[in-house]
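Notes follow the structure.
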Amino acid sequence: MLKLMQIVSPSLPVGGYSYSQGLEWAVQAGWVASSDDFVQWLTEQLNGTIAQQDLPLLIRLYNAHHEKDLNTIKYWDAMSVASRETSELRREEEQRGRALQSLLQSLSLPVPVVLKSQLGAFACFCNSEQISLNDTLAGYTYSWLDSQVTAGIKLVPLGQTDGQRILYRLANHIDAAVACALTIDDEEVGYTAPSLTMASCLHETQYSRVYRS
């Protein structure tokens, strides 16, 4: 459990807390303007992208690492990047993946293949430390939620106490997200969140215009 607490900590050099995943633009556009709006934004992602895409991918990567099946690891690791709806989200996944893989290597943990995604590296760590599958899934989800609440406190903005209330409230839904993920078949893995995709695309377009100018 202590190793799990380490890998889900926002102090890790993975930088998950620094990625808004579309929230920054959603706030600018007025879609998320209050604590209630933010709870709805997170709930949709938790029940959609996390429960139906991220966690099912993590399950397959965890099992492939456990079985030391390198081809299957590579397949689901590549899928973890390809499943991101925009180039910005794909870059985020790859950057977090590189940072986490670098951390694993610095800890002298075995990394059987070059991993492209955070999900792949997270599954590798949890297997190395013999963390159970259920704890792995719950830990990953809590880490995502904690990072997003941290971003929300800065961007919405919210008070620290409001952020803690939201984290406490939505953490109660993590078990249901894990249970949902465990029922997803291979051909059902994947989810598209229209508002998240639109926010990421708009933010990406805005960034490109600024960069070109």
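Data table
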| item | result |
| --- | --- |
| Scope the range 117-156; condition among the charged types (D, E, K, R), within 18 Å of the chain's Cα centre (by Cα) and modelled with pLDDT under 95; matching residues | Asp146 |
| Residue that is nearest to Cys124 (Cα to Cα) [pool: residues in the range 66-96 that are of a type in the set (Asp, Glu) and part of a helix (DSSP H, G or I)] | Asp77 |
| Residue list for the range 139-158, filter: in contact with a Phe, Trp or Tyr (Cβ under 9 Å, 6 or more places away or on another chain), of a type outside the set (Val, Ile, Thr) and not in a helix (DSSP H, G or I) | Leu158 |
| Hey, Leu70 in contact with a helix residue (DSSP H, G or I) (Cβ under 6 Å, 6 or more places away or on another chain) and modelled with pLDDT of 95 or more or not | no |
| Qualifying residue in the range 129-136 (condition: under 19 Å from Met5 (Cα atoms), surrounded by fewer than 18 Cβ atoms within 10 Å (Cβ to Cβ) and acidic (Asp, Glu)) | yes |
| Pick from the range 19-36, criterion outside any helix (DSSP H, G or I), hydroxyl-bearing (Ser, Thr, Tyr) and touching a helix residue (DSSP H, G or I) at 6+ places or on another chain (Cβ under 8 Å), ranking: modelled with the highest pLDDT | Ser20 |
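The values are calculated or read from the model by the stated rules, or taken from the named source; none is laboratory data. Only a predicted model underlies this, so the values are computations on that prediction, with no experimental measurement involved. Methodologically, a virtual Cβ is constructed for each residue, glycine included, from the backbone with ideal geometry; neighbour enumeration extends over all protein chains shown.
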